[in-house]
1. Just one of the numbered conditions (1) loosely packed, with under 15 Cβ neighbours inside 10 Å; (2) out of contact with any His (no Cβ under 6 Å at 6 or more places or on another chain); (3) more than 24 Å from Leu142 (Cα to Cα) is not true of Gly96; which one?
2. Given (1) closer than 17 Å to Thr2 by Cα; (2) in contact with a Lys or Arg (Cβ under 8 Å, 6 or more places away or on another chain); (3) at pLDDT below 90, identify the lone condition not met by Ser103.
3. If you scan the stretch 36-57, which residues turn out to be farther than 24 Å from Glu72 by Cα and exposed (fewer than 15 other Cβ atoms within 10 Å of the Cβ)?
4. When you check Ala49 against the structure, is it closer than 27 Å to His12 by Cα, over 15 Å from the mean Cα position of the chain (by Cα) and not polar (S, T, N, Q), yes or no?
5. Is there any pair with a first residue in the stretch 7-24 that is surrounded by 20 or more Cβ atoms within 10 Å (Cβ to Cβ) and modelled with pLDDT under 95 and a second that is hydrophobic (A, V, I, L, M, F, W, C) and not in a helix (DSSP H, G or I) whose Cβ atoms are under 6 Å apart and which are 6 or more apart or on different chains, and what are they?
Amino acid sequence: MTVIERSALLPHAAEQVFDLVADIERYPEFLEGCVGAEIHERGEETVTATLRLSRAGISHGFTTCNTMTRPEKIELTLVDGPFDSFSGQWMFRALGEAACKTSLRLHFELSSGLANVAAGKLFDKVALDLVDAVVRRANQELGAAI
């Protein structure tokens, strides 16, 4: 099983960063390798969405159900994709009124097969870049630290 853990300190309120991460439809605008995002269902606290990833001629999609607890966390549960198992969690911890620690933790195991090995390499790269992409986007949208 692969575990990815990344975190960053941001000079933005937890609520603002939560909203940026929860805005799944806009991921293709700032996440390299994300070529599509589709919302299938949006409830009061859950969003089911598919991300389409593509890099170096390899394309795959996966669907998650995202449980939103604003502004503290977003829990990700696999609905469909090239994984035997997948779960994840975004955490947003306020550090005063104008800063937060944003963390991402992903656990996943790919299904066997050659195509899924390629999907795994693609997903690893995008997942490792995700927190950095959120930091860049937050600074663009919300303003960089002074």
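1. (3)
2. With (1) closer than 17 Å to Thr2 by Cα; (2) in contact with a Lys or Arg (Cβ under 8 Å, 6 or more places away or on another chain); (3) at pLDDT below 90 applied to Ser103, the lone miss is (3).
3. First, pick out the residues of the stretch 36-57 that are farther than 24 Å from Glu72 by Cα: 36, 52-57.
Listed by number, the residues that qualify are Gly36, Ala56, Gly57.
4. On the way: closer than 27 Å to His12 by Cα: yes; over 15 Å from the mean Cα position of the chain (by Cα): no; not polar (S, T, N, Q): yes.
When the stated conditions are applied, Ala49 does not pass them.
5. none
Conditions tested, residue by residue: (1) surrounded by fewer than 16 Cβ atoms within 10 Å (Cβ to Cβ); (2) touching an Asp or Glu at 6+ places or on another chain (Cβ under 8 Å).
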position: Thr77; (1), (2): yes, no
position: Asp84; (1), (2): yes, yes
position: His107; (1), (2): no, no
position: Arg136; (1), (2): yes, no
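The values are calculated or read from the model by the stated rules, or taken from the named source; none is laboratory data. Everything numeric here is computed off the predicted structure, so don't read it as measured data. Every residue, glycine among them, receives a Cβ derived from its backbone with ideal geometry; neighbour counts consider all protein chains shown.
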